[in-house]
Amino acid sequence: MKLVYVAMPYSHPNPDVIAERMEVFYKIAADLLLQGKMVISPVLNHSICKRYNVPSDYKFWGDYSRTLLSKCDEIVVLEMDGWTRSAGVIDEIATAKDLHIPIIFMKVK
């Protein structure tokens with residue numbers, strides 16, 4: 001089984017945008033799981049951030065994200081609104097390139 005890291009923009013001042021982004025993530029993650037892939041992403045900690053006031057910015061999650069990514073067989077980048085401006089996604093792509101991890105870009109609405 002492949003361990004697949006899913007990258008997407010997360011942070012946004014509007015909580016409704018974050019909720020919409022998470023719904024897209026959940027759908028894609030479910031599809032990947034049904035394909036027999038193991039899915040990992042720092043956004044799986046979404047509830048922890050919301051419930052326990054854990055920071056949700058990439059400054060806090062960067063090392064965590066790079067460590068997870070270093071163990072993965074590929075990265076799927078969700079091309080949703082804000083992905084090209086996301087510090088996290090930009091760093092995750094750069095890290096994947098540095099580690100020679102295949103990058104799959106997935107267009108989403």
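Kindly count the pairs of lysines across the range 1-104 whose alpha carbons are less than 15 Å apart, treating pairs on different chains or eight or more residues apart as eligible. Before the final figure, lay out each step's value.
Values: 2/37; 2/71; 27/37; 37/71; 71/97.
Qualifying lysine pairs in the range 1-104: 5.
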Notebook entry, point to check: Given 5 Å bins starting at zero, what is the percent of C-alpha pairs of the range 44-104 in each, up to the one with the largest pair distance?
Noted result: 4, 17, 26, 25, 19, 8, 2, 0
Next item on the list: Compute the signed sum of charges (Lys and Arg +1, Asp and Glu -1) over the other residues within less than 15 Å, Cβ to Cβ, of residue 85.
Entry: -4
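Let's see if you can work this out: charge +1 on each Lys and Arg Cβ, -1 on each Asp and Glu Cβ, no other charges. What is the dipole magnitude of the range 27-109 about its Cα centre, in debye to the nearest 20?
Numbers: 11 positive and 10 negative charges, 55 e Å.
Dipole of the range 27-109, to the nearest 20 debye: 260 debye.
Within the set of other residues whose C-beta is less than 11 Å from the C-beta of residue 32, count the net charge using Lys and Arg as +1 and Asp and Glu as -1.
Working: positive: 2, 27, 37; negative: 31, 74.
Its environment carries a net charge of +1.
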Notebook entry, point to check: Could you work out the helix-only [θ] at 222 nm for the chain, with each DSSP H run of four or more residues adding -39,500 (n - 2.57) and the total divided by the number of residues, to the nearest 500 deg cm²/dmol?
Noted result: -15000 deg cm²/dmol
Check: Percent relative contact order of the chain, based on C-alpha pairs within less than 8 angstrom and at least six residues apart?
Finding: 36 percent
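Show 4, 54 ordered by accessible area, largest first, where the area counts protein heavy atoms only and the probe is 1.4 Å. Before the final figure, lay out the partial values.
On the way: 4 0, 54 35 Å².
Greatest to least solvent exposure: 54, 4.
Sum up the charges of everything whose Cβ sits under 14 Å from the Cβ of residue 73, counting Lys and Arg as +1 and Asp and Glu as -1, but leave residue 73 out. If you can, show how the numbers build up before the last one.
Details: positive: 2, 37, 71; negative: 74.
Taking every Cβ under 14 Å from that of residue 73, the sum is +2.
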Checklist line | Pairwise Cα inverse-distance average, inverted: Kirkwood Rh of the chain (Å) | finding: 13.9 Å
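Distances over 13 Å make up what percent of all Cα-Cα pairs in the range 4-54?
59 percent
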Next item on the list: Estimate the FRET efficiency between residue 3 and residue 51 by the formula 1/(1 + (r/R0)^6), using the beta-carbon distance for r and 25 Å for R0, to the nearest 0.05.
Entry: 0.40
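The values are calculated or read from the model by the stated rules, or taken from the named source; none is laboratory data. The structure displayed is predicted, hence computed values, not measured ones. Counting neighbours? That spans all protein chains shown, and the Cβs are built from the backbone with ideal geometry, glycine included. Accessible surface is based on the protein model in full, side chains and every heavy atom, while ligands, DNA and RNA are left aside. Shrake-Rupley method; radii C 1.70, N 1.55, O 1.52, S 1.80 Å.
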